[in-house]
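What follows is a short report on a single structure.
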Amino acid sequence: MDTPNTPVQDVSSLRVTRRFQASRQRVYRAWTEPELMMKWFADADYDMRIVALDLRVGGRYRFEGEHDGYQWALEGEFLEVRPAERLVYTWKWETDKNLGGPGDTVVTVDFRDSGADTELVVTQEGFTNEIAWREHSNGWVGCLDRLGRLF
């Protein structure tokens with residue numbers, strides 16, 4: 001992955017890979033159970049609510065919150081759901097169109113066995129500008145750092 005200060009050649013997609021000392025099932029639960037997601041998806045100083053999380057193909061999700069007086073909302077639709085293997089879903093910022101460009105980006109999360117550990121690969125595709133790419137890259141790094149603290 002590019003570091004935040006490195007010039008980006010292709011801003012259409014990003015990939016972040018992490019290894020966790022936990023089973024795929026445990027990592028998947030942390031990714032899909034609201035009470036666990038609340039512990040890692042947003043910084044502690046964000047007021048985040050999981051309004052909807054319908055974990056099936058065609059199901060929708062919606063997260064809302066506030067940070068420093070700024071209201072935000074993120075929503076999308078699940079395109080693929082294979083428990084403890086793969087999630088694919090659209091990602092759309094309702095409140096800040098600059099973070100995704102026209103239309104949605106698509107997030108793919110792969111949960112892979114790596115001995116006793118789990119390798120998690122997050123790929124987000126469809127960015128139209130470098131600002132959105134950098135914001136999401138930094139966001140995923142922070143999210144996965146917090147996720148790692150659960151294990």
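Sorted ascending by nearby beta carbons within 10 Å, beginning with the fewest, 17, 105 become 17, 105. Mean separation of Cα pairs under 8 Å and 6 or more residues apart, divided by the residue count, gives the chain a relative contact order of 29 percent. Count Lys and Arg as plus one, Asp and Glu as minus one, and take only other residues whose Cβ is under 10 Å from that of residue 53; the net charge is then 0. For a test of the definition: using alpha carbon positions, the gyration tensor, and the 1.5 limit on a/c, classify segment 13-149 as rounded, prolate or oblate. Because its axes are fairly even, with a/c under 1.5, segment 13-149 counts as rounded.
Values in this text are rule-based calculations from the coordinates and carry no lab data. The shown structure was predicted, so the numbers you read here are calculated from the model rather than taken from an experiment. Neighbour counts are summed over all protein chains in view; Cβ atoms, including those assigned to glycine, are modelled from backbone coordinates with ideal geometry.
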